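S.K.: Take a look at this one; I'll ask things after.
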Amino acid sequence: MLKLRVITVLLLAPLVILGVLKLSNPMFSGALLLVILLCGNEWARLAGLRGIAERLFYLLSMAGLMIGLWLNASDPVLNLAILAIAGIWMGMTAALFVWGRKPLQQVSNQPVVALFGLMLLPFAWFSLSRLHLSSEVGPQLTLALLFLIWLADTAAYFGGKRFGRNKLSPVLSPNKTWEGFFSAMLSALLWVVVVKQLIAVPVGYVSLTAIALIVASVSVAGDLFESMVKRRAGEKDSGRLLPGHGGVWDRIDSLVSAAPVFLALMIMLGGFDG
């Protein structure tokens, strides 16, 4: 399984990196919209929308919301909306960490999860689109965010396998450990040092360190949230599109939660005005 995961990453990573750095913002946003809709399809299925017609309506609604955000991108109210979405994810992070030992009941329908998808996925897309367009270093910052999530996820996996003793969330994700979590935090500190050397990040070391640690923590919550939804739906993976990884949501669960938080913190700490 690990070998298959590595092969998939080696095939997809160059395409993602080139897309982030070379595509114009409209092209990048359009490609990302398709990825988010693929994720939304898996989200809807796990939430209980099994029929083709109801899932199509769900995805059309999601696409309409994203197009609406695009057309109103200059509205300053959307900055407040991004801050609100980031606040929701940070609140969910605390709740999911506490939830770790409470039993879950398997259900066939999760209407609240479906509604959350219509709110959280469009703003994940919008946050990445805005970040990509935020400044001259927008594409580099977007790629840096992706590397932060990949690095934290990798450090958590190998740190947990090597040192893991204490379960982080036995019910939601039995393989996650506190040792893996703290390995991810250490990798985030390494990320700060490297990024400050390579990119003209518009915030100082202290602010970027705070951003990295918070975003890495929230990225774990994105993974835990998806695990909760899958377990309640009685599924192991969100889909089968990516060999070794499962579905699209399995691959971008951390990004969905991290992107709005990263953008919100950059706005709050003066990195740019959004």
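S.K.: Can you name every residue in region 14-41 that is buried (at least 22 other Cβ atoms within 10 Å of the Cβ) and of a type in the set (Val, Ile, Thr)?
M.R.: Correct list: Val20, Ile36.
S.K.: Only one of these is within 21 Å of the chain's Cα centre (by Cα), over 13 Å from Trp125 (Cβ atoms) and aliphatic (A, V, I, L, M): Leu21, Leu33. Name it.
M.R.: After ruling out the rest, the residue left standing is Leu21.
S.K.: With respect to Ala155, is the statement that it is under 20 Å from the mean Cα position of the chain (by Cα) and open to solvent by 10 Å² or more (accessible area, probe 1.4 Å) true?
M.R.: yes
Residue-wise test of (1) within 17 Å of Thr154 (Cα to Cα); (2) of a type in the set (Ser, Thr, Tyr).
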| residue | (1), (2) |
| --- | --- |
| Leu172 | no, no |
| Ala184 | yes, no |
| Ala188 | yes, no |
| Leu198 | no, no |
| Val229 | no, no |
| Ser238 | no, yes |
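S.K.: Something else now. Can you tell me which residue within region 168-200, out of those that are modelled with pLDDT under 90 and among the hydrophobic types (A, V, I, L, M, F, W, C), is nearest to Phe262 (Cα to Cα)?
M.R.: Restricting to residues being modelled with pLDDT under 90 and among the hydrophobic types (A, V, I, L, M, F, W, C), the top hit is Ala200.
S.K.: Please work out if Ala44 is among the small types (Gly, Ala, Ser) and buried (at least 17 other Cβ atoms within 10 Å of the Cβ).
M.R.: Yes.
S.K.: Related question: Which condition number in (1) touching a Lys or Arg at 6+ places or on another chain (Cβ under 7 Å); (2) assigned to a loop (DSSP other than H, G, I, E, B) is the one that Ala44 fails?
M.R.: (2)
S.K.: Suppose we filter region 54-86 for residues that are touching a residue at least 60 places away in the same chain (Cβ under 8 Å) and farther than 18 Å from Leu32 by Cβ; how many remain?
M.R.: Residues flagged as touching a residue at least 60 places away in the same chain (Cβ under 8 Å) and farther than 18 Å from Leu32 by Cβ within region 54-86 amount to 4.
S.K.: Within region 199-236, track down each residue that is free of Cβ contacts under 8 Å to residues at least 12 places away in the same chain and either crowded, with 18+ Cβ neighbours inside 10 Å or under 30 Å from Val112 (Cβ atoms) (or both).
M.R.: Lys236
S.K.: Ok, one more. Assess whether Leu78 counts as being open to solvent by less than 40 Å² (accessible area, probe 1.4 Å), at pLDDT 95 or above and either under 30 Å from Leu133 (Cβ atoms) or assigned to a helix (DSSP H, G or I) (or both).
M.R.: Considered against the rule, which asks whether it is open to solvent by less than 40 Å² (accessible area, probe 1.4 Å), at pLDDT 95 or above and either under 30 Å from Leu133 (Cβ atoms) or assigned to a helix (DSSP H, G or I) (or both), Leu78 comes out as no.
The values are calculated or read from the model by the stated rules, or taken from the named source; none is laboratory data. It should be emphasised that the depicted structure is a prediction, and the values quoted were computed from it without experimental measurement. Every residue, glycine as well, gets a Cβ built from its backbone with ideal geometry; the counts of neighbours run over all protein chains shown. For the accessible areas, the whole protein counts, side chains as well, though only heavy atoms, and no ligand, DNA or RNA atoms are used. Shrake-Rupley method; radii C 1.70, N 1.55, O 1.52, S 1.80 Å.
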